[in-house]
1. Against the conditions (1) out of contact with any strand residue (DSSP E or B) (no Cβ under 8 Å at 6 or more places or on another chain); (2) at pLDDT 90 or above; (3) charged (D, E, K, R); (4) open to solvent by less than 80 Å² (accessible area, probe 1.4 Å), where does Asp139 fall short? Just the number, please.
2. Of the residues Asn85, Asn14, only one is without any contact (Cβ under 8 Å) to a residue 40 or more places away in the chain, open to solvent by 20 Å² or more (accessible area, probe 1.4 Å) and over 17 Å from Phe134 (Cα atoms); which?
3. Since Leu5 meets every condition but one in (1) part of a loop (DSSP other than H, G, I, E, B); (2) at pLDDT 95 or above; (3) open to solvent by 50 Å² or more (accessible area, probe 1.4 Å), which condition does it not meet?
4. Keeping to the stretch 8-52, report how many residues are among the hydrophobic types (A, V, I, L, M, F, W, C), part of a helix (DSSP H, G or I) and over 16 Å from the mean Cα position of the chain (by Cα).
5. Just one of Met79, Met41 is in contact (Cβ under 8 Å) with a residue 60 or more places away in the chain and touching a strand residue (DSSP E or B) at 6+ places or on another chain (Cβ under 7 Å); which is it?
6. Pairs please, first residue from the stretch 64-75 and among the charged types (D, E, K, R), second anywhere and open to solvent by less than 40 Å² (accessible area, probe 1.4 Å), Cβ atoms under 6 Å, 6+ apart in sequence or on different chains.
Amino acid sequence: LDPSLNEFILTHENIKVPYTGHQYSVNEGRTVLYDERTREMLKALKSQPSLDGKKRQLRYVGSLVADVHRTIMYGGVYMYPQNKNNPLGAIKLLYEAAPIAFLVANGGGQALTGLDPILELVPTSIHDRVPVFFGSEDDTNFCTGFYRASKPIDDPMFTLRRTASIVEYSQQAVLDDDEVEEDGILCAHLPQI
């Protein structure tokens, strides 16, 4: 809002959430309340580089809007997972999670509960709460992978995918449509060394 004009001003046209980022946003002060899968995911975030090869950095302001805005602009992931005090999550589905999920999804990012897309949830109450993971496709897939049967760190291609940027690998890659098997994560066949 520009107070001198008393109007909203478009500051960025056609915003797109980057495919990957190196920042993550979570309240690590609640780590003792998180379940084992979430603690394991946070440990992996700290030890594994992002897809662009950069060391991941925690950036948490404590304001949902400010943290998600940064995530939309620069990539990465914002998360508020379930914990012992909030086993169903803490973010209200109808008037917090769903509107932000709409913005993130329309910008090319992902908005998940850990397993399900937020925009596909059907509320049962006006005050339903859900865990949230908003952000870049690669980063949200990485984080929510810890809530699935096989974790990303158990994937033999995981380390390779994050040792250098996808741009570097795609320049060297030899792709044959008959040989490409989609596993939900962008991957390219690398030339023999």
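The values are calculated or read from the model by the stated rules, or taken from the named source; none is laboratory data. Quick caveat, the model's predicted, so the values are computed rather than measured. Glycine gets a Cβ as well: all are built from the backbone with ideal geometry, and neighbour counts include every protein chain shown. Quick note on the areas: whole protein, heavy atoms, side chains included, nothing else; ligands and nucleic acids left out. Shrake-Rupley method; radii C 1.70, N 1.55, O 1.52, S 1.80 Å.
1. Answer for Asp139: the failing condition is (1).
2. Details: Asn85 fails: without any contact (Cβ under 8 Å) to a residue 40 or more places away in the chain.
Going through Asn85, Asn14 in turn, just one is without any contact (Cβ under 8 Å) to a residue 40 or more places away in the chain, open to solvent by 20 Å² or more (accessible area, probe 1.4 Å) and over 17 Å from Phe134 (Cα atoms): Asn14.
3. The one condition Leu5 does not meet is (2).
4. Qualifying residue count, the stretch 8-52: 2.
5. Numbers: Met41 fails: touching a strand residue (DSSP E or B) at 6+ places or on another chain (Cβ under 7 Å).
Going through Met79, Met41 in turn, the sole match is Met79.
6. Sorted first by the residue in the stretch 64-75, then by its partner, the pairs are Asp67/Ser25; Asp67/Tyr78.
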